[in-house]
Amino acid sequence: MESVVESFEQPVVAFVQGASRGIGLGLTELLLRDEGVARVWASSRSPHRSDGLSRLRAEFGERLERVAMDVTDEAAIAEAARRVKDGSGELDLLLNVTGLLHDERLGMRPEKSLRDLDMTHMRRSFEVNAIGPALVIKHLHGLMRHGRRAVIANLSARVGSIGDNRLGGWYGYRASKAAQNQITRTASIELARRAPELLCVALHPGTVDTGLSEPFQQGVPEGKLFEVERAARQLLEVLDGLGPEHTGSFFDWAGEPVEW
Ligand SMILES: NC(=O)c1ccc[n+]([C@@H]2O[C@H](COP(=O)([O-])OP(=O)(O)OC[C@H]3O[C@@H](n4cnc5c(N)ncnc54)[C@H](OP(=O)(O)O)[C@@H]3O)[C@@H](O)[C@H]2O)c1
């Protein structure tokens, strides 16, 4: 199997934030199967309850470290950063994957119209999709390797693009992803001043067959609903092909730029 971390100095240490299922689990598995990767830190709210991560832990042992980290709890993020520092020292790759589109327990569905806007649901979207990933960068960027290639990638969504918005709807998700995009861009500028070889980018994975997209898969054109394994490979290949000149940009799964 071809390596997805060829552009990095090896062995690579990665952190996948939002790794218990969906695309994050796929990214974690692909990284663990790559001989260039020494260790993967995998977080979610309850990673020890994830069957997928338990299976990978049984197969890969201590190359996989599970960390409980709710991105809406800054103290938990700070504690996770301390664990990574003590356990691995530095990171080559940080994947901020967590995202929220709907939550049946909260009665939260993407809004079709202005009359559906709800303070609690919108606040939750911003906490999970924008503020949480920003705080993850706040606490983990100091662990990114200095003096050699390192990458921070935030999983965004094309529907977060303002320029591309022709359909409307999905206010909370769109707006929180647009906010996340601005954070990605702003962080990329600050980080490049201190570490020119540290990239910070936003990625659109395409429509991927996960719990997040499951209720909305009906209109997806034939061949455009990606299996998780394929989506994860595509994203890692895009990252592997990026250079310092690409920092602060937004790319889709095919490596094409997405307008902001
Ligand atoms: N699937 C698609 O078609 C699609 C399309 C465009 C963009 N995206 C983006 O791609 C990313 C991954 O999506 P996905 O489809 O893989 O989603 P998913 O299957 O719903 O998985 C979401 C992950 O986020 C974790 N998570 C949720 N809330 C969290 C919190 N408060 N703190 C920490 N972790 C939390 C979940 O773990 P726990 O529940 O265990 O905490 C899970 O591992 C998201 O950013 C999404 O917006 C997806």
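The values are calculated or read from the model by the stated rules, or taken from the named source; none is laboratory data. Computed from a predicted structure; not experimentally measured. Methodologically, a virtual Cβ is constructed for each residue, glycine included, from the backbone with ideal geometry; neighbour enumeration extends over all protein chains shown.
Each residue in segment 55-78 was checked for being under 22 Å from Glu29 (Cβ atoms) and either in a loop (DSSP other than H, G, I, E, B) or polar (S, T, N, Q) (or both), and 2 pass. The sole residue among Leu155, Leu140, Leu95, Leu91 that is more than 22 Å from Arg233 (Cα to Cα) and hydrophobic (A, V, I, L, M, F, W, C) is Leu140. Take the residues of segment 165-180 that are among the charged types (D, E, K, R) and within 13 Å of the ligand (Cβ to nearest atom): which is surrounded by the fewest Cβ atoms within 10 Å (Cβ to Cβ)? Looking at the filtered set, the residue picked out is Arg174.
Just to verify a result, which residue in segment 110-144, among those that are among the basic types (Lys, Arg) and within 14 Å of the ligand (Cβ to nearest atom), is surrounded by the most Cβ atoms within 10 Å (Cβ to Cβ)? This residue is Arg124.
Checked against (1) aromatic (Phe, Trp, Tyr); (2) surrounded by fewer than 21 Cβ atoms within 10 Å (Cβ to Cβ); (3) over 23 Å from Leu239 (Cβ atoms), Phe60 passes all but a single condition, namely (3). A residue that is of a type in the set (Asp, Glu), assigned to a strand (DSSP E or B) and either more than 15 Å from the chain's Cα centre (by Cα) or at pLDDT 95 or above (or both) cannot be found anywhere in segment 193-202. Are any of the residues in segment 172-187 under 18 Å from Leu143 (Cβ atoms), modelled with pLDDT of 95 or more and in contact with a helix residue (DSSP H, G or I) (Cβ under 6 Å, 6 or more places away or on another chain)? Checking segment 172-187: at least one residue is under 18 Å from Leu143 (Cβ atoms), modelled with pLDDT of 95 or more and in contact with a helix residue (DSSP H, G or I) (Cβ under 6 Å, 6 or more places away or on another chain).
For segment 39-54, taking the residues that are part of a strand (DSSP E or B) and in contact with a Lys or Arg (Cβ under 7 Å, 6 or more places away or on another chain), the one that is farthest from the ligand (Cβ to nearest atom) is identified as Arg39.
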